[in-house]
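Derivation of every value follows stated rules applied to the coordinates shown; laboratory data play no part. Treat the numbers as computed from the prediction; the structure is a model and nothing was measured. Here the Cβ is made from the backbone with ideal geometry for all residues, glycine too, and neighbour counts use every protein chain on show.
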Amino acid sequence: MNILSFEKMLLIVLIIASISQLYLSFIKGRAPRKDNGEILLRLSASDIKRKFLAILFLGLMGYFIYVIITGYFTALGVMIVVYFLLSIYDFSKEKVVTDKGIGQKSLYSNVYYNFSYWKDIEEWHWSDKKENQLLFKIKIKDKVETKDWQVSSLEKEKIEELFKKYIESDSQ
């Protein structure tokens, strides 16, 4: 009976996760869109996102220094680095508000993700439970989906102004 070692199982899991991440980020996520309008506001990235990316970069640098010093190079190590690089790409999107809607824009290309047009947003309001959390309902085909955006205190007033301007029936 041939039992896979932990390293081989981890390598298989990382290969599957990397392929999934590659598909979701580069293929499915790049679905062509029509004109998404002129960018009116770019939301700043959250502190948690920045800290995560900083820790990820420091971890990768530490790994590279370790590999250089020890000369220890494995397929598993390469797959870990590949997966982290794909994750960094996936986390490197900024939230934007345009004159046609809202969504996330890639930092590396002019591709929009999860873009919703103003006409599809049925209602919006600020969360009572979490400070500076914007909740909005989007009508997609025949169902309504609720989404949320965490907004900094400095951007809250500008976001509110844009939502009031572009959504006739706001729920304020």
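Any idea which of Val67, Ser87, Leu134 is furthest toward the positive side of the dipole for the chain, if Lys and Arg beta-carbons carry +1 and Asp and Glu beta-carbons -1?
About the Cα centre, the residue reaching furthest to the positive side is Val67.
In whole Hz, with x marking every Gly and Pro, tabulate ³J(HN,Hα) for segment 151-160 from phi via Karplus 6.51 cos²θ - 1.76 cosθ + 1.60, θ = phi - 60°.
Rounded to whole hertz, the list is 10, 6, 4, 5, 9, 4, 5, 5, 4, 4.
Counting other Cβ atoms within 10 Å, which GluC sites (Glu not before Pro) in segment 124-167 have at most 13 and lie in a DSSP loop?
Listed in order of number, the matching sites are Glu131.
To the nearest 10 degrees, how steeply does helix 6-22 sit against the main Cα axis of the chain, on a 0 to 90 scale?
Roughly 30 degrees between the two axes.
Determine the calculated [θ] at 222 nm for the chain from helices alone, applying -39500 (n - 2.57) to every DSSP H run no shorter than 4 residues and normalising by the residue count; nearest 500 deg cm²/dmol.
Result for the chain, helices only: -14000 deg cm²/dmol.
Measure nothing fancy, just the Cα-based angle from helix 75-91's long axis to the longest principal axis of the chain, in degrees from 0 to 90, nearest 10.
Helix 75-91 sits at roughly 10 degrees to that axis.
Could you work out the longest stretch of the chain that avoids the chymotrypsin sites (Phe, Trp or Tyr not before Pro) located in DSSP loops with at most 14 other Cβ atoms within 10 Å?
In short, 1-71.
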